[in-house]
Amino acid sequence: MGDTPVVRVSGIRKTYGATVAVDDVSFTVEAGEIFGLIGPNGAGKTTTMECVEGLRRPDRGRIEVLGLDPVRDAGALQPRIGVQLQEAQLQKRIKVWEAVDLWAALYDTSVDGDRLLDQLGLTDRRDAWFMTLSGGQKQRLFIALALINQPELVFLDELTTGLDPQARRAIWDLVRGIRDRGQTVFLTTHLMEEAERLCDRVAIIEHGRIVDHDTPAGLVARHCPQRSVVVTTAHEGAAARFAGLASVDTVDRDGDRHTIRGRGDDLVTEVIHCLSEHRMRVTAFRTEEPTLEDVFLTLTGHSIRD
Amino acid sequence: MSMNPRLPLRGLGKLTWLEIKIFVREPMGLIGSVVIPVLMFLVLGRTFGPRLAEAASPTAIQMRTGLPVFVAVFIAISAVLSLVAVIAIYREGGILKRLRATPISPVTILVTHVLVKLVLTAVTVVLMFLAGRRYYPAGADVPLFSFTLALLFSTWSILSIGFIVASLVRTARFAPPLGSLFLYSMLPFCGLFFPVDALPPAMQAVSRVIPLTYAVSLLSGIWQGDPWSAHLGDVAVLLVVFAVCTLVAARVFRWE
């Protein structure tokens, strides 16, 4: 990661009438990472991102993007960033190649449009009207438009919302590809799985405030250190043996199924040793790792889908 | 990597050509803006043309000028309504917002749409002339170039009113009906059907404050062969309308 952050947001606040959309939000995005602003719908993700893009002016606070003020220095900043907006549309009857061609004409420097369409798997839809594209194809076109000027920083707002799992995975690969080419990615999502699989670092936002930020693994380790092993065995006294292990906090028993909760990296090893030492016959075995979803639940007291 | 020259209205040519292509791909828009005015001119010309050609009565003279001017005003109004609809749809669909996040200047986007409407207006009026020539033998010596120019100038001025309507209308669904109501309500007062002098005093007062009156006066005059110098007043009013409406529109225009 670079020395100076690509994005530095310090204490921004944005209100719409009496509604406070974003309040005292601060975070940084480092060079070369995929940074995710995650939270439920209406938490303030898009407002924050649009302030960073220079599309909105915060009421208070400071934003620096690539060393520039996104509103005041918009002219200097726009050529260096690429933007994909949530639920954006193009003209219904614009052809894919026409959109790419137009966008290329708007910048001093641009990458080869046809190669870009090829990389995004849109070559066979080159002459198709925008209105005839599938949801995934539209999003891929928007990614192409966001990348046409070879930006240093790419904004992706709710990129995979409304896509089926297969299209979603394809998009994730594309986003990783952007980072691997050295570009920085700033994205928002309300999908915890997406954040966990894609982001190097995330900030969780809720009711317009940042609740915490770190790597996904770091957040899980700090807020949900407890993991569990679920073992199904008919062995006599198994529960007591599990409860005696050093890393184990609790053991819940439901018939033959034992849910062993504990913390630390040794939990699984200890359970496996215990099983083998006492020659227990095991019919099912699985481990459960906490996810960002659990972190969100712990931090906010409710599930992100509520 | 390819380089593009730095221009103040970068993308204007490309975007204008693109918007014309996109417009032509939409059958309803094309029919409404180009086909219907031309057809209207043909049908009216066919109905009244033969009678008008020889007749020298005041009504016939009024009709000879009135019909082309009527269709011209219709073309101008179609252009404005189409602009209002396009801006409303582009705003609602987030297209304006998406373009705003690029280095394209907002002015470029608006100028593009004005240019597209002016090009369509010119194409329609030329088609109208070509199609209607045989019904208007009297119109053979009509100043086609000046008349087209007068129509483009009038349309350009009225388009600025369209921008205000486009700014005030909240959703794309209400844009066309509200625009129509606004523009068509000017028609009875603008001297198109009845000469302004023949209207009751109260209506004449209204006539004097609506911009369409001056457009109609300019168009009729040019059609009848008046020199532009005879209509400097109309030109001045239309220029003022454009300046004032553009200033107002710039203040109230919303991108999303």
* Asked: What single numbered condition from (1) within 14 Å of another protein chain (Cβ to nearest Cβ); (2) part of a helix (DSSP H, G or I); (3) of a type in the set (Ser, Thr, Tyr) fails to hold for B:Thr121?
  -> (1)
* Asked: Within the group B:Phe182, B:Phe242, B:Phe193, which residue is within 19 Å of B:Ile158 (Cβ to Cβ), modelled with pLDDT of 90 or more and of a type outside the set (Asp, Glu)?
  -> B:Phe242
* Asked: Would it be correct to say that B:Ile77 is at negative phi, more than 14 Å from chain A (Cβ to nearest Cβ), crowded, with 18+ Cβ neighbours inside 10 Å and at pLDDT 65 or above?
  -> yes
* Of the residues that make up the stretch A:124-135, is at least one crowded, with 17+ Cβ neighbours inside 10 Å, closer than 17 Å to B:Thr102 by Cβ and either within 14 Å of another protein chain (Cβ to nearest Cβ) or touching a strand residue (DSSP E or B) at 6+ places or on another chain (Cβ under 6 Å) (or both)? -> yes
* Structure fact -> When restricted to B:Val126, B:Val165, B:Val116, the only residue in contact (Cβ under 8 Å) with a residue 40 or more places away in the chain, away from every other protein chain (no Cβ under 14 Å) and in a helix (DSSP H, G or I) is B:Val165
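Considering each of A:Gln139, A:Gln166 in turn, give the residue that is within 14 Å of another protein chain (Cβ to nearest Cβ), of a type in the set (S, T, N, Q) and either surrounded by fewer than 23 Cβ atoms within 10 Å (Cβ to Cβ) or under 24 Å from A:Glu50 (Cα atoms) (or both). Spell out the reasoning first.
Working: A:Gln166 fails: within 14 Å of another protein chain (Cβ to nearest Cβ).
Residue meeting the stated conditions: A:Gln139.
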* Does any residue of the stretch B:211-227 turn out to be surrounded by fewer than 18 Cβ atoms within 10 Å (Cβ to Cβ), on the phi < 0 side of the Ramachandran plot and among the hydrophobic types (A, V, I, L, M, F, W, C)? -> no
* Asked: Picking from A:Leu37, A:Leu77, A:Leu66, which residue would you name as being on the phi > 0 side of the Ramachandran plot and more than 9 Å from chain B (Cβ to nearest Cβ)?
  -> A:Leu66
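Would it be correct to say that A:Phe186 is part of a strand (DSSP E or B) and either touching a helix residue (DSSP H, G or I) at 6+ places or on another chain (Cβ under 8 Å) or not charged (D, E, K, R) (or both)? Spell out how you get there, then give the answer.
Numbers: part of a strand (DSSP E or B): yes; either touching a helix residue (DSSP H, G or I) at 6+ places or on another chain (Cβ under 8 Å) or not charged (D, E, K, R) (or both): yes.
Spelling it out, A:Phe186 is indeed part of a strand (DSSP E or B) and either touching a helix residue (DSSP H, G or I) at 6+ places or on another chain (Cβ under 8 Å) or not charged (D, E, K, R) (or both).
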* **Of all residues in the stretch B:168-186 being in a helix (DSSP H, G or I) and aliphatic (A, V, I, L, M), the one that is farthest from the chain's Cα centre (by Cα)** => B:Leu168
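Residues are listed down the side, and each one gets a yes or a no for (1) within 14 Å of chain B (Cβ to nearest Cβ); (2) of a type outside the set (Phe, Trp, Tyr); (3) more than 25 Å from A:Pro70 (Cα to Cα):
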residue: A:Leu147; (1), (2), (3): yes, yes, no
residue: A:Leu153; (1), (2), (3): yes, yes, no
residue: A:Gly162; (1), (2), (3): no, yes, yes
residue: A:Glu196; (1), (2), (3): no, yes, yes
residue: A:Arg201; (1), (2), (3): no, yes, no
residue: A:His207; (1), (2), (3): no, yes, no
residue: A:Arg222; (1), (2), (3): no, yes, yes
residue: A:Gln226; (1), (2), (3): no, yes, yes
* Asked: What are the pairs, 6+ residues apart or on separate chains, where a residue within the stretch B:16-35 that is within 11 Å of chain A (Cβ to nearest Cβ) has its Cβ under 7 Å from a residue that is part of a helix (DSSP H, G or I) and charged (D, E, K, R)?
  -> B:Leu18/A:Glu98
* To do: State which residue is modelled with the highest pLDDT when the search covers only the stretch A:36-63 and only residues that are farther than 14 Å from A:Val25 by Cβ and in contact with a strand residue (DSSP E or B) (Cβ under 6 Å, 6 or more places away or on another chain).
  => A:Gly36
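Across the stretch A:64-93, which residue is modelled with the highest pLDDT among those that are assigned to a loop (DSSP other than H, G, I, E, B) and crowded, with 21+ Cβ neighbours inside 10 Å?
If we filter the stretch A:64-93 for residues that are assigned to a loop (DSSP other than H, G, I, E, B), which is where we start, we get A:66-67, A:69-73, A:85-93.
Now drop any that are not crowded, with 21+ Cβ neighbours inside 10 Å, which leaves A:70, A:85, A:90-91.
Numbers: A:Pro70: 94, A:Leu85: 88, A:Leu90: 90, A:Gln91: 90.
So the residue we want is A:Pro70.
Mind listing whichever residues of the stretch A:5-53 are of a type in the set (A, V, I, L, M) and either assigned to a helix (DSSP H, G or I) or surrounded by fewer than 16 Cβ atoms within 10 Å (Cβ to Cβ) (or both)?
Going through the stretch A:5-53, the residues of a type in the set (A, V, I, L, M) turn out to be A:6-7, A:9, A:12, A:18, A:20-22, A:25, A:29, A:31, A:34, A:37-38, A:43, A:49, A:52.
If the condition is that a residue be of a type in the set (A, V, I, L, M) and either assigned to a helix (DSSP H, G or I) or surrounded by fewer than 16 Cβ atoms within 10 Å (Cβ to Cβ) (or both), then A:Ala18, A:Met49, A:Val52 are the ones that fit.
Conditions (1) without any contact (Cβ under 8 Å) to a residue 24 or more places away in the chain; (2) under 24 Å from A:Ile38 (Cβ atoms), marked per residue:
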site: A:Leu219; (1), (2): no, yes
site: A:Arg222; (1), (2): yes, yes
site: A:Pro225; (1), (2): no, yes
site: A:Val231; (1), (2): no, no
site: A:Arg241; (1), (2): no, no
site: A:Gly244; (1), (2): yes, no
site: A:Asp249; (1), (2): yes, no
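Within the stretch A:269-306, how many residues are part of a helix (DSSP H, G or I), free of Cβ contacts under 8 Å to residues at least 40 places away in the same chain and more than 30 Å from A:Glu206 (Cα to Cα)?
First, the residues of the stretch A:269-306 that are part of a helix (DSSP H, G or I): A:269-277, A:292-300.
From the residues that got through so far, the ones that are free of Cβ contacts under 8 Å to residues at least 40 places away in the same chain too are A:269-270, A:272-274, A:276-277, A:297.
Among the residues that remain, those that are also more than 30 Å from A:Glu206 (Cα to Cα) are: A:269-270, A:272-274, A:276-277.
Number satisfying all stated conditions: 7.
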* Where residues in the stretch B:90-113 are without any contact (Cβ under 8 Å) to a residue 40 or more places away in the chain and among the hydrophobic types (A, V, I, L, M, F, W, C), which of them is nearest to the other protein chains (Cβ to nearest Cβ)? -> B:Ala101
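Here is a list: A:Glu236, A:Glu206, A:Glu193. Which entry is among the acidic types (Asp, Glu), within 20 Å of A:Asn41 (Cβ to Cβ) and surrounded by fewer than 16 Cβ atoms within 10 Å (Cβ to Cβ)? Steps first, please.
On the way: A:Glu236 fails: within 20 Å of A:Asn41 (Cβ to Cβ); A:Glu206 fails: surrounded by fewer than 16 Cβ atoms within 10 Å (Cβ to Cβ).
Going through A:Glu236, A:Glu206, A:Glu193 in turn, just one is among the acidic types (Asp, Glu), within 20 Å of A:Asn41 (Cβ to Cβ) and surrounded by fewer than 16 Cβ atoms within 10 Å (Cβ to Cβ): A:Glu193.
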* Conditions (1) surrounded by fewer than 17 Cβ atoms within 10 Å (Cβ to Cβ); (2) in contact (Cβ under 8 Å) with a residue 24 or more places away in the chain; (3) within 11 Å of chain B (Cβ to nearest Cβ): number failed by A:Arg56 -> (1)
* Can you confirm whether the stretch B:232-243 contains a residue that is surrounded by 14 or more Cβ atoms within 10 Å (Cβ to Cβ) and farther than 20 Å from B:Lys117 by Cβ? => yes
* **Complete set of residues in the stretch A:251-291 that are of a type in the set (S, T, N, Q) and either touching a strand residue (DSSP E or B) at 6+ places or on another chain (Cβ under 6 Å) or surrounded by fewer than 13 Cβ atoms within 10 Å (Cβ to Cβ) (or both)** => A:Thr259, A:Thr269, A:Ser276, A:Thr283, A:Thr287
* Examine the stretch B:169-189 for a residue that is farther than 28 Å from B:Ala249 by Cβ and surrounded by fewer than 22 Cβ atoms within 10 Å (Cβ to Cβ), and state whether such a residue exists. => no
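The values are calculated or read from the model by the stated rules, or taken from the named source; none is laboratory data. Since the structure is predicted, the reported quantities are computational estimates derived from the model, not experimental observations. Positions of Cβ are backbone-derived with ideal geometry, glycine not excepted, and every protein chain shown enters the neighbour counts.
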